[in-house]
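> Quick one: the structure is below, and I'll ask about it shortly.
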Amino acid sequence: MRSIAILMGLFVGLFSIEALLGSVPVKAVRGELEIRVETSRVEGQIRYHHDFSKKHTLEVLVKGNTSVKVIGGVGDQAVTGRVASVGGGWQRWSLYSLRATSVLLEFQSAIAAGGVTREGVFLLGSLGWYPVVDEMHTLEISASMPQSWSAVTSGDRRNRQEGGGRAVETWSITQPQEALDFMAAPFSNQTFVHARAQGDLTISTHFLKPDSALSQQFLSRIPAFLDHYEREIGFYPYSGFAVVENYEETGYGMAGFTLLGPMVLRLPFIFTSSLPHEVLHNWWGNSVYVDYESGNWAEGLTTYMADHWQQELAGSAAEYRRATLAGYADYATGMSGGSDFPLREFRSRHSASTQAVGYGKAMMVFHMLKVRFGEDAFRRAMQVFYRDQIFKKASWDDLRLAFEGVTGLSLQAWMSQWLDQTGAANIQLAGVSKKKTANAWQACVELRETEGFEVHVPLRLKLADGGFVKELHHIEAVSQGGAQARARAKQVCSTVTSEPLSVAVDPEFDVFRSLEKAERPPSMSSALAAAEIAIVYESAQVSKGEADGFADSWRAVAEGGVSLRAVAPGEMVRLEKQVTVLLGNTSANRQIAKDVFAKYGTDIESHSLKLFGNVYGLPAHSFALVGQAPSGQIVVWIVASPNQPLADLGRRLTHYGKFGALVFEDVGRRGNLLKEVWPIVDSPLRRDF
C-alpha cells in the first residue's frame with residue numbers, strides 16, 4: 001500500500017478538484033441560505049437538508065447574539081430542539097424529528113465589534129452570525145444588500161439583480177465548508193482571469209477606495225503563487241482568489257479570499273510575507289481543515305511553505321531559522337519565566353509565546369522533515385496528505401501517516417518527541433580530531449545531545465583546498481532517566497581528500513535546538529521577552545509625557561512588567577533590571593553604549609553613529625541598539641529624532657524582534673534605513689582541527 005501511495009502522490013497535482021473529491025468520500029450537509037443585510041443587523045433563514053428518518057438529530061451551533069426560531073421540516077413534519085450551552089458564548093441546538101427531510105431556521109444577528117456598519121458587513125463564520133450545522137456543509141446563498149454594495153464569499157456568484165435601492169446576489173458554494181465567511185461593502189472591484197490548462201481562475205481585488213496601481217500589483221503577483229502551490233501540493237480548490245479590504249486592520253485567510261486591513265494591504269513587504277501566506281491557507285486550513293482537538297498544524301505548515309519559502313528565495317532562510325530559534329528561547333523558555341507547552345496543545349496565537357511554539361517550533365518540525373528526507377519526498381508527502389484529507393478535518397497523525405507512506409519509515413516516536421514534549425534539542429561539540437592516511441584524511445567529530453531527542457545533525461567541514469563537505473549525522477534518542485544518562489556522545493568520522501581545517505555543527509540552524517549564547521546576539525525580542533524592563537530617561541532631555549507614551553507602547557506587547565524612572569542630568573544610570581532601556585542621546589547613555597557595543601565595531605559620538613560601515617547623523621535619525629553589558633543585563637539604547645514621537649518609535653520597534661541594530665529616518669520619509677542582526681562571535685559549535 002505504501003508503494004501505491006508514493007506513486008499516487010506523484011500525480012496529485014495533475015488531477016482536477018472533481019477527481020480528488022471523487023476519490024475521497026466527503027460527507028456534507030446541503031444548505032440554502034437567504035440573508036438580508038441591514039446597517040445594524042443581519043437576518044434571514046437557512047434550510048438544512050437532513051434525512052431525520054436515518055439520523056434523528058442534527059446538531060447546530062448558535063452564538064449568543066443570534067436569535068433563532070425553528071420553523072419546522074418539509075411537509076409539516078415536526079422538528080423540535082434541545083439547547084445546551086457549550087462555552088465561549090455558543091449554544092448547541094440538538095434538532096430532533098422522526099420523518100422530516102429538512103429543517104428551516106429563522107435567525108437575526110446583531111454583530112458586535114463593527115461586523116455590521118454603514119460602511120459594510122464583514123461576517124466571519126467564527127462569529128456565529130447564522131446557525132451553523134456542526135458538520136461540513138455546502139450552501140446556496142441569496143443575499144440582499146444596499147444597491148451600491150457588492151459581496152465576496154467563498155463560492156461562485158451566479159447572478160445579481162438590482163432594484164428599489166437594493167441588490168440581490170446569488171452564490172453557490174459546492175466545496176464543503178466549516179462555516180461561511182461573507183463580506184459586502186461598496187467595493188471598487190477589479191478582476192483578472194488567470195488562464196490555465198485545468199480551467200480559468202478569477203483573480204480579483206475588492207478595495208473600499210479605488211487604487212488601480214495597487215490592485216494591478218496584486219492581480220499580477222497572485223497567479224504565480226497559485227501556480228507554485230499547485231505544483232507543490234495539488235489542484236487549487238476554488239474557482240478564484242480575491243483580495244478584500246477591511247475597514248479594520250486584519251490579516252485573515254478565508255476560503256477563496258483574504259481579508260486585509262487598509263494599512264496591512266499597503267505594507268511594502270506584503271507580497272513576500274502576508275500575501276503568499278494567505279494564498280497558501282486555501283490549501284492548509286481552508287480546504288484541508290484543522291482538527292483542533294488534536295492540535296493546530298496548519299499555521300506552522302503555512303509558515304514553512306510560505307514565509308520560510310520567501311526567505312529561501314531572498315537567500316536569508318538560515319537567518320530566519322536562527323531568529324525563530326531565538327524567538328522560542330526568548331518567549332517560550334526565556335527570561336520572562338517561560339511559557340512553553342507541548343506543540344500538540346497549540347490551537348491559536350494569542351501571545352508571543354504561543355506564536356513561538358505554534359508557528360516557530362511547528363515550522364522547524366517541517367523543516368527537519370525536509371532536511372532528513374529531501375525536497376522530493378517532502379513534496380510527495382504534501383500531495384498525499386492533500387489528496388487524502390481535502391475537505392476533511394486533519395490531525396498531526398494524518399500528516400505523520402502521509403510522511404510514513406512516502407518514506408516507508410515509522411515516524412511515530414520521532415514526531416511524538418516534538419509534539420508531546422516541551423523543550424528543544426541541545427547539541428554540543430565535544431571534540432575534534434584529524435588523521436592523515438595514505439591517500440586521504442580522516443576527520444572525526446564528537447557530538448553530544450543532552451536532552452534525549454533524536455536528531456539528524458548537519459556538519460560542514462572546511463578543507464584546505466577551499467572546498468566544503470556537508471553531511472547529515474543521526475543521533476538516536478537516549479534514555480530520559482537523568483541528566484547523566486541523557487548526555488551520550490557519538491563520534492562521527494569522514495574521509496576527505498584534502499586536509500580538514502575546521503568544522504561547523506548545524507551552521508544553518510536546521511535543527512530545532514537551543515542556541516548557544518554566542519549564537520543569540522541581543523535583539524529586540526530578547527528585550528521584550530524579559531520579566532522586568534526598566535525604562536530610564538533624563539528629564540531635561542525627554543519629557544515625562546514622551547517617556548510615558550513610549551512605556552505604554554511597550555507595555556502593550558511586553559511579556560513582563562515595564563517600569564519608568566527619571567534621572568537627573570549627569571546622574572549615573574544603574575543597570576538594575578534584566579533589561580534597561582536608555583532613552584535619549586545623553587553623555588551618560590553614550591558612555592554605557594560605548595562599553596556595550598564596542599565589540600561590534602560601532603563608533604559613537606555626540607552627533608554621529610557608525611554602524612555596519614554606515615555613518616548616521618544625529619539628531620537627523622532615530623535609532624535603537626540592543627546589547628548585553630559585561631554584568632549580563634540587556635541594554636537598549638533608543639534615540640528619537642525631533643520629528644519622531646517616542647511613542648510611535650516604540651510601537652515600530654516591537655515589529656523588528658530579531659534585529660539588534662535599527663536606524664530610521666524621519667516619519668513620512670524613507671522610514672527604516674538599517675535593520676541588522678549583530679554578528680555571531682566565537683560559537684562553541686564551530687572549531688578548528
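The values are calculated or read from the model by the stated rules, or taken from the named source; none is laboratory data. All figures in this text were calculated on a predicted structure; none of them were measured in a lab. In this analysis, Cβ positions are derived from the backbone assuming ideal geometry, glycine residues included, and neighbour counts consider all displayed protein chains. Only protein heavy atoms, including side chains, enter the accessible area calculation; ligands, DNA and RNA are left aside. Shrake-Rupley method; radii C 1.70, N 1.55, O 1.52, S 1.80 Å.
> From the residues in region 669-689 that are part of a loop (DSSP other than H, G, I, E, B) and basic (Lys, Arg), which one is modelled with the highest pLDDT?
Per the stated criteria, the residue is Arg670.
> Sort out which residues of region 630-639 are open to solvent by less than 30 Å² (accessible area, probe 1.4 Å) and either at pLDDT below 90 or more than 13 Å from Val573 (Cβ to Cβ) (or both), and write them in order of number.
First, the residues of region 630-639 that are open to solvent by less than 30 Å² (accessible area, probe 1.4 Å): 634-639.
Correct list: Ile634, Ile638, Val639.
> Go through region 346-378 and report how many residues are more than 20 Å from the chain's Cα centre (by Cα) and among the basic types (Lys, Arg).
Of the residues in that region, 1 qualify.
> Can you tell me which residue within region 192-211, out of those that are of a type outside the set (Gly, Ala, Ser) and surrounded by fewer than 17 Cβ atoms within 10 Å (Cβ to Cβ), is nearest to Gly261 (Cα to Cα)?
Lys209
> Oh, and also: Being in contact (Cβ under 8 Å) with a residue 24 or more places away in the chain and of a type in the set (Ser, Thr, Tyr) is the filter here; which residues of region 251-276 pass it?
Tyr252, Thr272, Ser273
> Please go through region 570-595 and pick out each residue that is closer than 17 Å to Val626 by Cβ, open to solvent by less than 70 Å² (accessible area, probe 1.4 Å) and in a helix (DSSP H, G or I).
Passing the criteria: Asn589, Arg590, Ile592, Ala593.
> Further, regarding this structure: Would you please name the residue that is nearest to Asp397 (Cα to Cα), looking only at residues in region 260-294 that are buried (at least 22 other Cβ atoms within 10 Å of the Cβ) and out of contact with any strand residue (DSSP E or B) (no Cβ under 9 Å at 6 or more places or on another chain)?
Per the criteria, the residue is Trp283.
> Same structure, new question: Part of a strand (DSSP E or B) and not β-branched (Val, Ile, Thr), is that true of Ser154?
Values: part of a strand (DSSP E or B): no; not β-branched (Val, Ile, Thr): yes.
Judged against the criteria, Ser154 is not a match.
> Ok, one more. Considering (1) at positive phi; (2) surrounded by 16 or more Cβ atoms within 10 Å (Cβ to Cβ), say which one Arg157 fails and leave the rest.
(1)
> With respect to Arg513, is the statement that it is surrounded by 18 or more Cβ atoms within 10 Å (Cβ to Cβ), under 30 Å from Val639 (Cβ atoms) and within 27 Å of the chain's Cα centre (by Cα) true?
Considered against the rule, which asks whether it is surrounded by 18 or more Cβ atoms within 10 Å (Cβ to Cβ), under 30 Å from Val639 (Cβ atoms) and within 27 Å of the chain's Cα centre (by Cα), Arg513 comes out as no.
> Looking at region 245-253, can you tell me whether even one residue there is crowded, with 20+ Cβ neighbours inside 10 Å, within 19 Å of Tyr359 (Cβ to Cβ) and not charged (D, E, K, R)?
Checked against the condition, which is being crowded, with 20+ Cβ neighbours inside 10 Å, within 19 Å of Tyr359 (Cβ to Cβ) and not charged (D, E, K, R), region 245-253 yields at least one hit.
> Let me ask something else about it. Please enumerate the residues belonging to region 473-500 that are open to solvent by 70 Å² or more (accessible area, probe 1.4 Å), modelled with pLDDT of 60 or more and not in a loop (DSSP other than H, G, I, E, B).
If the condition is that a residue be open to solvent by 70 Å² or more (accessible area, probe 1.4 Å), modelled with pLDDT of 60 or more and not in a loop (DSSP other than H, G, I, E, B), then Arg488, Lys490, Gln491, Thr495 are the ones that fit.
> Something else: Residue by residue through region 438-465, note down the ones that are closer than 25 Å to Leu515 by Cβ and outside any strand (DSSP E or B).
The answer is Thr450, Glu451, Gly452, Phe453, Glu454.
> Right, here's the next one. Mind listing whichever residues of region 302-324 are open to solvent by 40 Å² or more (accessible area, probe 1.4 Å), in a helix (DSSP H, G or I) and not aliphatic (A, V, I, L, M)?
Once the filter is applied, which keeps residues that are open to solvent by 40 Å² or more (accessible area, probe 1.4 Å), in a helix (DSSP H, G or I) and not aliphatic (A, V, I, L, M), region 302-324 yields Trp309, Gln311, Glu312, Glu319, Tyr320.
> Here is a follow-up. Please work out which one of (1) of a type in the set (Ser, Thr, Tyr); (2) crowded, with 16+ Cβ neighbours inside 10 Å; (3) in contact with a Phe, Trp or Tyr (Cβ under 9 Å, 6 or more places away or on another chain) is the condition Ser67 fails and give its number.
Status for Ser67: all satisfied but (2).
> Determine if region 221-241 includes at least one residue that is closer than 24 Å to Val132 by Cβ and open to solvent by 40 Å² or more (accessible area, probe 1.4 Å).
Checked against the condition, which is being closer than 24 Å to Val132 by Cβ and open to solvent by 40 Å² or more (accessible area, probe 1.4 Å), region 221-241 yields at least one hit.
> Failed condition for Val663, given (1) open to solvent by less than 10 Å² (accessible area, probe 1.4 Å); (2) in a loop (DSSP other than H, G, I, E, B), with all others met?
Condition not satisfied by Val663: (2).
> Right, another one. Looking only at region 641-660, count every residue that is part of a loop (DSSP other than H, G, I, E, B) and without any contact (Cβ under 8 Å) to a residue 24 or more places away in the chain and tell me the total.
3
> Could you grab the pairs with beta carbons closer than 7 Å, sequence gap of 6+ or different chains, first residue in region 602-622 and open to solvent by less than 70 Å² (accessible area, probe 1.4 Å), second one among the β-branched types (Val, Ile, Thr) and outside any strand (DSSP E or B)?
The qualifying pairs are Leu611/Thr602.
> Being open to solvent by less than 30 Å² (accessible area, probe 1.4 Å) and not hydroxyl-bearing (Ser, Thr, Tyr) is the filter here; which residues of region 641-658 pass it?
Hits for region 641-658 are Gln644, Leu646, Ala647, Leu649, Gly650, Leu653, Gly657.
> Could you tell me whether region 419-426 includes any residue that is under 21 Å from the mean Cα position of the chain (by Cα), within 22 Å of Gly253 (Cβ to Cβ) and either surrounded by 20 or more Cβ atoms within 10 Å (Cβ to Cβ) or among the basic types (Lys, Arg) (or both)?
No, the conditions are met nowhere in region 419-426.
For every residue, the table says whether it meets (1) within 14 Å of Val639 (Cα to Cα); (2) of a type in the set (S, T, N, Q).
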site: Glu538; (1), (2): yes, no
site: Val542; (1), (2): yes, no
site: Arg555; (1), (2): no, no
site: Gly560; (1), (2): no, no
site: Pro569; (1), (2): no, no
site: Asn585; (1), (2): yes, yes
site: Ser606; (1), (2): yes, yes
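> Out of everything in region 101-135 that is open to solvent by less than 20 Å² (accessible area, probe 1.4 Å), at pLDDT 85 or above and part of a loop (DSSP other than H, G, I, E, B), what residue ends up being nearest to Thr80 (Cα to Cα)?
The residue in question is Pro131.
> In this structure, does Glu299 turn out to be under 16 Å from the mean Cα position of the chain (by Cα), open to solvent by 30 Å² or more (accessible area, probe 1.4 Å) and in contact (Cβ under 8 Å) with a residue 12 or more places away in the chain?
When the stated conditions are applied, Glu299 passes them.
> Can we say Ala179 is without any contact (Cβ under 8 Å) to a residue 12 or more places away in the chain, part of a loop (DSSP other than H, G, I, E, B) and either open to solvent by 20 Å² or more (accessible area, probe 1.4 Å) or closer than 25 Å to Gln389 by Cβ (or both)?
It is false that Ala179 is without any contact (Cβ under 8 Å) to a residue 12 or more places away in the chain, part of a loop (DSSP other than H, G, I, E, B) and either open to solvent by 20 Å² or more (accessible area, probe 1.4 Å) or closer than 25 Å to Gln389 by Cβ (or both).
> For region 439-464, give me each residue that is aliphatic (A, V, I, L, M) and crowded, with 20+ Cβ neighbours inside 10 Å.
First pass over region 439-464, keeping only residues aliphatic (A, V, I, L, M): 440, 443, 445, 447, 455, 457, 459, 461, 463-464.
Residues satisfying the conditions are Ala443, Val445, Leu447, Val455, Val457, Leu459, Leu461.
> Ok, one more. Being assigned to a helix (DSSP H, G or I), farther than 26 Å from Gln355 by Cα and either free of Cβ contacts under 8 Å to residues at least 24 places away in the same chain or of a type in the set (Ser, Thr, Tyr) (or both) is the filter here; which residues of region 542-565 pass it?
The answer is Lys544, Gly545, Asp548.
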